[in-house]
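The values are calculated or read from the model by the stated rules, or taken from the named source; none is laboratory data. Every value quoted in this text rests on a predicted model; they were computed, and no experiment measured them. Positions of Cβ are generated from backbone atoms using ideal geometry, with glycine treated the same way; all protein chains shown enter the neighbour counts.
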Amino acid sequence: MARILENYGLDILKAEGILVVEFSVATSPEEAGAFAEKIGRPVVVKALVPIGKRGKAGAVKFADNSQEATEAARSLLGTEVKGYPVKKVLVAEKVQATNELYFSISINPSSAQIAVVVSLSGGVDIEEVAANSPEKIVTYFSNPLEEFASHHSLEIMSKVGLEGRNLVKVAGLLRKFYQIFNKYDATLLEINPLFITSEGNVIVPACMLSVDDGALFRQKELANVAHEGSERSWKPLTEIERRVQEVHDKDPYRGTARYTELDGGDIGFMCGGGGGSLLSFDEILAAGGKPTNYTEFGGNPPEDKVYGLAKCILSKSSVNGLFVAHNITNNTQVDVEARGIVRAIKEMGIDPATFPIVTRMPGVNEAEGFRILKEAGIECYGEELTMATAAKRMVEKMKQLL
Amino acid sequence: MSILLSDDTRVVIQGITGREASMVTEYILQYGTKVVGGVTPGKSGQMVRGVPVYNTISELMGEQQANTSLVYVPPGAVLDAVREAVDSGIKLIVIITENVPQHDSIKINWLAKKAGAKVIGPNSVGMISPAHHVKLGAIGGDNTERCFVPGTVGVISRSGGMTAETAWMVKRAGFGVSTCISIGGDPIIGTPPVELLKMFQEDEGTEAVVMFGEPGTSFEEDAANFVKSGGFTKPLIAFVAGKFTESMPEGTVFGHAASIISKGMGKPSTKMKKLEEAGALIAYSHDDIIPLLKQIFEKR
């Protein structure tokens with residue numbers, strides 16, 4: 001899942017013919033003030049960061065005039081919201097609404113359906129509405145093989161309690177939202193609130209859009225604006241995380257190398273397989289050790305990728321040891337992995353006699369792999385040691401050598 | 001005995017001419033799997049490791065009778081490949097391809113449901129039934145017997161790599177496996193554990209099941225409810241990896257795409273608690289699978 005910043009989301013809605021508020025992106029307080037001056041109406045100033053619930057985080061401010069807008073932007077720019085640095089703000093016209101509605105369209109994995117959630121109680125946390133007055137929410141699950149027809153949309157909006165002109169108007173809009181959701185391979189499109197004004201206009205003041213990063217190959221125009229990978233760490237990438245990303249992207253279709261930097265800890269963690277890495281991390285903790293990063297690699301990576309990943313892991317200043325473990329591989333070549341690891345260690349001047357390293361790497365071409373590791377003085381195991389036992393051995397070795 | 005695979009399994013490989021697909025073709029042929037043909041549009045008449053290539057499945061069906069498909073086409077072509085397979089009457093489709101768009105995955109589910117076909121994956125490493133010498137996908141690589149020997153334990157795993165490691169635990173304990181299924185690491189997959197437990201319940205050749213779980217989704221919770229309601233009455237050993245993710249910031253993916261705790265849902269501790277309450281035997285460490293299996297079979 002990749003989050004799309006709000007201004008791009010609003011651009012998409014606008015391009016699809018939906019009425020959205022007047023807005024602009026400002027990188028300085030003065031720019032924000034100038035836009036407020038230009039439209040000559042009260043505005044909303046929001047930190048432009050790829051997260052939801054910004055109001056609760058204090059990242060949404062209201063301003064009645066240009067001067068207030070300048071001040072609001074000044075108070076937001078340069079701060080951090082949930083770890084994200086605020087480099088830009090969104091300045092949007094403030095609209096007076098008589099009704100505030102809630103819309104969300106998302107993929108419901110367990111039933112393999114698209115879920116449409118609608119409520120007339122918009123503008124607040126939908127979780128609260130769901131908890132306190134569930135009757136105010138209508139949820140509809142669509143059959144993905146069928147068209148979301150006009151009557152589906154009318155049925156939903158009628159059920160939630162809209163009537164007359166508003167019913168017809170908003171139902172048309174919901175159908176449009178649904179089409180946009182499909183067209184852009186979205187995983188979430190949330191409009192909260194949708195405004196109905198006293199003149200009967202329906203206008204979108206805000207939107208949250210996430211798209212499937214697995215579909216970016218066919219959403220070329222979104223690729224540049226998607227904060228790809230943000231789901232793996234809901235915070236900006238650290239320096240080492242960025243470097244591992246580069247290592248991976250150099251040869252993106254062969255093997256995986258993922259790295260998440262963690263607070264504290266001293267064991268460089270380099271484990272393989274989606275499930276195997278989860279298990280190994282649990283076992284290190286259970287044995288009383290603490291990894292200083294999480295890593296997952298596998299899928300038969302080339303030597304350069306293993307080498308690059310190992311170097312990045314070992315480059316963190318708090319690393320005092322290295323644990324490499326994976327399940328018995330189906331296709332990953334152990335000799336290739338061993339070469340990458342040994343190259344990284346030699347290049348960094350690490351001596352396995354004093355720096356604790358434990359490897360547990362059974363699988364394809366393991367005999368050659370073990371030979372390479374042993375020759376470099378690295379403690380290595382195959383299937384004779386389970387992953388859990390290898391983790392215990394690692395923690396024990398840390399205690400011996402430190 | 002086994003589920004889904006049998007002596008009658010006849011396989012077509014969609015996307016057979018790709019690098020990984022042709023390597024896997026060699027491994028699964030060596031193991032004894034009957035591969036009746038491959039499909040790559042525009043490459044009809046070629047051979048891959050002795051297997052004839054056709055432009056379409058319907059062209060192949062004129063000469064061969066495939067009942068199972070192994071899908072290796074690129075992510076954007078998977079939906080069409082599945083459509084072609086179900087339209088040709090194929091009833092078991094195993095999707096190895098990773099990164100299938102979610103909008104396609106939900107359609108794949110519904111297409112299969114409509115046609116009465118079973119889909120395993122996407123993002124699966126495959127499945128295997130040693131008694132029949134049938135395997136689909138890279139599972140077991142070129143050294144299948146190392147981890148997979150015939151027996152009466154079913155294996156359901158959300159992790160491809162850990163399918164082999166778990167089967168090897170079964171072997172270490174002195175037993176063997178009936179069918180092992182890598183169900184796929186995506187949030188939207190064709191056949192969740194409950195469906196497989198239903199089949200294992202019916203299968204006379206399966207006496208117990210080991211399940212490898214992960215954070216995220218409600219697969220394990222659903223399995224617990226199924227066991228509790230009496231749908232699965234054989235011994236079930238459950239392991240859930242990734243307990244540490246509960247102390248990490250919510251909404252972060254560790255491991256597979258589906259391995260994400262969000263809004264308090266999908267916690268390993270909750271999964272284990274529900275499974276235990278339902279009567280499953282919990283392996284707190286993956287190593288515990290061995291004594292638990294011994295305990296089950298020594299009772300008999």
| request: Looking only at the range B:230-238, decide whether some residue is in contact with a His (Cβ under 6 Å, 6 or more places away or on another chain), modelled with pLDDT of 95 or more and under 27 Å from A:Cys271 (Cβ atoms). | output: no
| Among the residues of the range B:202-248, which ones are part of a helix (DSSP H, G or I) and either outside the structural domain of B:Ser269 (by TED's automatic domain parsing) or among the polar types (S, T, N, Q) (or both)? | B:Asn225, B:Thr245, B:Ser247
| query | Any idea which of (1) at pLDDT 95 or above; (2) closer than 19 Å to A:Asp185 by Cα; (3) in a loop (DSSP other than H, G, I, E, B); (4) not acidic (Asp, Glu) is the one B:Ile106 doesn't satisfy? | reply | (3)
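For the range A:255-262, does any single residue satisfy the condition of being under 24 Å from B:Ile106 (Cβ atoms) and either of a type in the set (S, T, N, Q) or assigned to a loop (DSSP other than H, G, I, E, B) (or both)?
Going residue by residue through the range A:255-262, those that are under 24 Å from B:Ile106 (Cβ atoms) are none.
Within the range A:255-262, not a single residue is under 24 Å from B:Ile106 (Cβ atoms) and either of a type in the set (S, T, N, Q) or assigned to a loop (DSSP other than H, G, I, E, B) (or both).
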| field | Contacts under 7 angstrom Cβ, first residue in the range B:168-196 being in the same structural domain as B:Gly216 (by TED's automatic domain parsing) and among the basic types (Lys, Arg), partner at pLDDT 95 or above and outside any loop (DSSP other than H, G, I, E, B), 6 or more apart | value | B:Arg172/B:Ile290
| If we scan the range B:72-82, do we find a residue that is part of a loop (DSSP other than H, G, I, E, B), of a type in the set (Val, Ile, Thr), more than 13 Å from chain A (Cβ to nearest Cβ) and buried (at least 17 other Cβ atoms within 10 Å of the Cβ)? | yes
| If A:Leu222 passes every condition in (1) under 26 Å from A:Ser318 (Cβ atoms); (2) within 14 Å of chain B (Cβ to nearest Cβ); (3) at pLDDT 85 or above but one, which one does it miss? | (1)
| field | Single match in A:Arg165, A:Arg232, A:Arg175 (criterion: modelled with pLDDT under 95, among the basic types (Lys, Arg) and in a helix (DSSP H, G or I)) | value | A:Arg165
| Within the range A:254-286, considering residues that are more than 22 Å from the chain's Cα centre (by Cα), over 30 Å from B:Glu20 (Cβ atoms) and of a type in the set (A, V, I, L, M), the one farthest from the other protein chains (Cβ to nearest Cβ) | A:Ile267
| task | Kindly provide the set of residues from the range A:314-365 that are buried (at least 22 other Cβ atoms within 10 Å of the Cβ), of a type outside the set (A, V, I, L, M, F, W, C), within 12 Å of chain B (Cβ to nearest Cβ) and over 15 Å from A:Gly255 (Cα atoms), ordered by number. | result | A:Asn327, A:Arg360, A:Pro362, A:Gly363
| For the subset of the range B:126-170 comprising residues that are under 15 Å from B:Ile183 (Cα atoms) and among the hydroxyl-bearing types (Ser, Thr, Tyr), which member is farthest from the other protein chains (Cβ to nearest Cβ)? | B:Ser129
| message | So in the range A:61-108, with the set limited to residues that are free of Cβ contacts under 8 Å to residues at least 60 places away in the same chain, farther than 27 Å from B:Thr252 by Cβ and of a type in the set (S, T, N, Q), which one is surrounded by the most Cβ atoms within 10 Å (Cβ to Cβ)? | response | A:Thr70
| Filtered residues of the range B:42-58 (kept if on the phi < 0 side of the Ramachandran plot and either in a loop (DSSP other than H, G, I, E, B) or loosely packed, with under 14 Cβ neighbours inside 10 Å (or both)) | B:Lys43, B:Ser44, B:Gln46, B:Met47, B:Asn55, B:Thr56, B:Ser58
| task | Specify which of the listed residues (B:Gly185, B:Gly160, B:Gly141, B:Gly137) is at positive phi, at pLDDT below 95 and under 17 Å from the mean Cα position of the chain (by Cα). | result | B:Gly141
| note | Those residues of the range B:223-258 that are touching a helix residue (DSSP H, G or I) at 6+ places or on another chain (Cβ under 8 Å), without any contact (Cβ under 8 Å) to a residue 12 or more places away in the chain and more than 7 Å from chain A (Cβ to nearest Cβ) come to a total of 0
| task | Could you run through the range A:22-65 and say how many residues are out of contact with any helix residue (DSSP H, G or I) (no Cβ under 8 Å at 6 or more places or on another chain) and hydrophobic (A, V, I, L, M, F, W, C)? | result | 6
| Pairs, please: C-beta under 6 Å, at least 6 apart or cross-chain, first residue within 10 Å of chain A (Cβ to nearest Cβ) and in the range B:279-299, second surrounded by fewer than 17 Cβ atoms within 10 Å (Cβ to Cβ) and charged (D, E, K, R)? | B:Ile290/B:Arg172
| said: If a residue counts only when it is under 30 Å from A:Lys61 (Cβ atoms) and among the polar types (S, T, N, Q), which strands (runs of 3 or more DSSP E) contained entirely in the range A:79-152 have at least 3 such residues? | reply: A:99-108
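Results for (1) within 30 Å of A:Val211 (Cα to Cα); (2) outside the structural domain of B:Ser159 (by TED's automatic domain parsing); (3) within 21 Å of the chain's Cα centre (by Cα), shown as yes or no for each residue.
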{"residue": "B:Thr33", "(1), (2), (3)": "no, yes, yes"}
{"residue": "B:Arg49", "(1), (2), (3)": "no, yes, no"}
{"residue": "B:Ala81", "(1), (2), (3)": "yes, yes, yes"}
{"residue": "B:Asn99", "(1), (2), (3)": "yes, yes, yes"}
{"residue": "B:Asp104", "(1), (2), (3)": "yes, yes, yes"}
{"residue": "B:Ile108", "(1), (2), (3)": "yes, yes, yes"}
{"residue": "B:Ala131", "(1), (2), (3)": "no, yes, yes"}
